[in-house]
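Every number in this text was worked out from the coordinates using simple rules, so none of it is lab data. Every value quoted in this text rests on a predicted model; they were computed, and no experiment measured them. So basically every Cβ, Gly included, is an ideal-geometry build from the backbone, and we count neighbours across all protein chains shown.
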Amino acid sequence: RWALGAEPGGRRALSVVLALGLGKPTRVAIEAVKGLTKLGSCALTEVHVYDPLEEGRRRGLGDAESPEVRGQIEGALARELPPRLGQTVRTESKRFIALPSRGHVAETLTEFVEEESADLLVLGAHRHGALRRRFFGSVSYGVLAMVETNVLIVPPKAVQASPARPPRRVQRVLVATDLSEVGNRAVELALGLLPEGGQLVLLHVDVPLEPPSDWIMGYPPAVQTTPGERRMKRALAEGELEKLARSGGARALETQVEVVESSDVARAILEAAERHEVDLVCLGTHHYGRVTSALIGSVARTVARRSPRPVLLVPNEDA
């Protein structure tokens, strides 16, 4: 009746809630909603359910329960999701809402749809087998059991694939450097990659001294730095980063320097990349041998393996 304009009083906008995720099911659901907009007017609400503790940890933010941190997370999600999905639905009325939830996605979606009195909920499906649904759950099956409005579940192959997305331009780069010659080479490369008006974020992770365990007999205790010494060390590192930023010459680039203290360098880099919403992470590699890498690990290797964002590794010229 809505598509044919047979509603009493004339055609009205169909209230649609589109559940957004990060994978292929969401992309095909977006294509289905695009088809709906061709039939008639739609008032679209895009909803993403997120775990506040996980998002706060991933971005290196503080108390994820505080309104300020929640606002930062939800603002970042609103900026990140459309480019990551690569598709948008054009309609007369559209809004994005991020809903916090601790593992109860289906329940959160159902409550929101009922509060909004939506006409239709659209979500993609993974088409997991019965065994996988039994152990890992299924959002679409959970919603069907609870929601009272219309639900459109779009299977992965129900919609023809959209055309290839155009290449994304690199506008914002995070360069992590230990201020060594090898680490600073990544800065040179990033300056060459960024276009006019791009943003360069220079990061240095300061690893604090940790005293050895008491059970190591005869080991001299580590010297503990005072707060004043730590502030001075941070200021010196920030000064070195600012010098590196100025090495780009007179180009119109927005630069930002940041020094953080962490015993887990790879995690600090990953958190900074999420916090600044960069397009590319760039860092130098020291090319340790296999034995050394196995014993002390490789920051570059860990970042490249765990980062959801593209990572560019700059090798040592002498390697």
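Could you list the trypsin sites (Lys or Arg not before Pro) in the range 44-85 that lie in coil according to DSSP, counting only those with at most 13 other Cβ atoms within 10 Å of their Cβ? Sites meeting the loop and neighbour criteria: none at all. To the nearest 0.05, how large is the calculated FRET efficiency for Arg234 and Glu114 if R₀ is 41 Å and r is the Cβ-Cβ distance? Step by step, r from the Cβ atoms, then E = 0.20. The alpha-carbon of Lys233 sits under 15 angstrom from the alpha-carbons of these aspartates and glutamates, leaving out residues fewer than 8 places away in its chain: Asp178, Asp206, Glu242, Glu258, Glu261. Residues whose amide H lies under 5 Å from that of Cys282, counting only those 5 or more places away or on a different chain, are Leu174, Val175, Ala176, Leu312; hydrogens are built 1.01 Å from N in the peptide plane. In sequence order, the range 96-104 has phi-based couplings of 10, 9, 9, 10, x, 7, 9, x, 10 Hz under the Karplus curve 6.51 cos²θ - 1.76 cosθ + 1.60, θ = phi - 60°, and Gly or Pro positions carry x. Ignoring aspartates and glutamates fewer than eight residues from Lys94 along the same chain, the ones with Cα atoms less than 19 angstrom from its Cα are Glu31, Glu46, Glu74, Glu80, Glu114, Glu115, Glu116, Asp119. The string of couplings for the range 114-123 from the Karplus curve (6.51, -1.76, 1.60, θ = phi - 60°) is 5, 5, 7, 6, 5, 7, 8, 10, 10, 8 Hz, one whole number per residue in order, with x for Gly and Pro. A full extension of the chain between Arg251 and Arg309 corresponds to an added length of 18.3 nm, given 0.36 nm per residue minus the alpha carbon distance. The amide H of Tyr50, built 1.01 Å from its N in the peptide plane, has Leu99, Ser101 as neighbours under 5 Å, considering only residues 5 or more places off or on other chains.
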